[in-house]
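The values are calculated or read from the model by the stated rules, or taken from the named source; none is laboratory data. Here the structure is a predicted model, which is why all the values come from computation and not from measurement. All Cβ positions, glycine included, derive from the backbone under ideal geometry; neighbour counts span all protein chains shown. Ligands, DNA and RNA are stripped out before the accessible areas are found, and what is left, the full protein with its side chains, is counted by its heavy atoms. Shrake-Rupley method; radii C 1.70, N 1.55, O 1.52, S 1.80 Å.
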Amino acid sequence: MNIQKLISSVRQAKKLRPLNDFHRAPRSGIDVMTEEFNDALYLLKELFKQFKAHGCKIDISFYGEVFVLLPESVHRFELAISDRPYIKNAKDLLKKLENVQFLKLDNMDVNNTLTVSIKTIRPRAEWKHFSVSEFKSEYGLFAESILKELRQRVRYYNSPDTNEWTVNHSSAEDKLAVIHFGGALLGPASMLYYLSQHLRKVIYVNDLSINGNQITVNKSYPGDETNHYFGKKEDAFFKKYLFDYTAMSHEHDKNN
């Protein structure tokens, strides 16, 4: 496992993260302000070193998600780094809420803090959040705390998750996000702009495929299918932002 290559993959995927702004279920990953990105990568690199020393296997997805496999089990977890609100006196505030309906927080009560979040890849699993400031530069202790939490969780799993899981995949939700992002980025000069407007009015999309020079949308019920055709501009956009996209053929290029 080459840690530097893993970090390079996370850095490379940074350009894809704006897709999350158009996604109903954003993908996990490294989402911090630009000025904090290198610090987050340094933290991630140090955690990777500790995970590697414990025999863990690490994968980075096309979209920049971080997946870690525990050596003593078949369970994976995902790891994210972000800025999250941190309430210093949360316990005291919760105690006060037992007697009142609302509390006014002062600016000094709430601060954003760099946070590492973890979640096992399992239905209904919940995120556990660790404030980076609590561990300072003690990366060994930080990694141990993360692994301890995960080992405690998987101990109560009766069997491995039977759902099919792969590092890279592209769901209908991802494709919808790509269409909406493309419409916003390319503007009225692209057919994605008008398709995005149309799809926002659709209550439910059952399935969606993008390949060749065609987008096929299957809506709420069988037979309710529409096809939409795009050109080179959209083709170049999908090549960059959509995993497993089948690009337009050279024959199509020659004919247009």
If you go through the stretch 17-72, how many residues are more than 21 Å from Phe238 (Cα to Cα), open to solvent by 60 Å² or more (accessible area, probe 1.4 Å) and not in a loop (DSSP other than H, G, I, E, B)?
11
Is it fair to say Val100 is in contact with a Pro (Cβ under 9 Å, 6 or more places away or on another chain), part of a loop (DSSP other than H, G, I, E, B) and modelled with pLDDT under 85?
no
May I ask you to list the residues in the stretch 126-159 that are open to solvent by less than 40 Å² (accessible area, probe 1.4 Å), hydroxyl-bearing (Ser, Thr, Tyr) and without any contact (Cβ under 8 Å) to a residue 40 or more places away in the chain?
Ser145
Lone unmet requirement of (1) out of contact with any helix residue (DSSP H, G or I) (no Cβ under 8 Å at 6 or more places or on another chain); (2) modelled with pLDDT of 95 or more; (3) over 22 Å from Thr113 (Cβ atoms) for Leu6
(1)
Residues satisfying the stated conditions in the stretch 222-239, i.e. open to solvent by 60 Å² or more (accessible area, probe 1.4 Å) and touching a residue at least 12 places away in the same chain (Cβ under 8 Å):
Asn227, Tyr229, Lys232, Lys233
Kindly indicate whether Phe135 is farther than 24 Å from Leu19 by Cβ and modelled with pLDDT of 90 or more.
no
Quick one: which residue in Ala13, Ala80 is assigned to a strand (DSSP E or B), under 19 Å from Val167 (Cα atoms) and in contact (Cβ under 8 Å) with a residue 40 or more places away in the chain?
Ala80
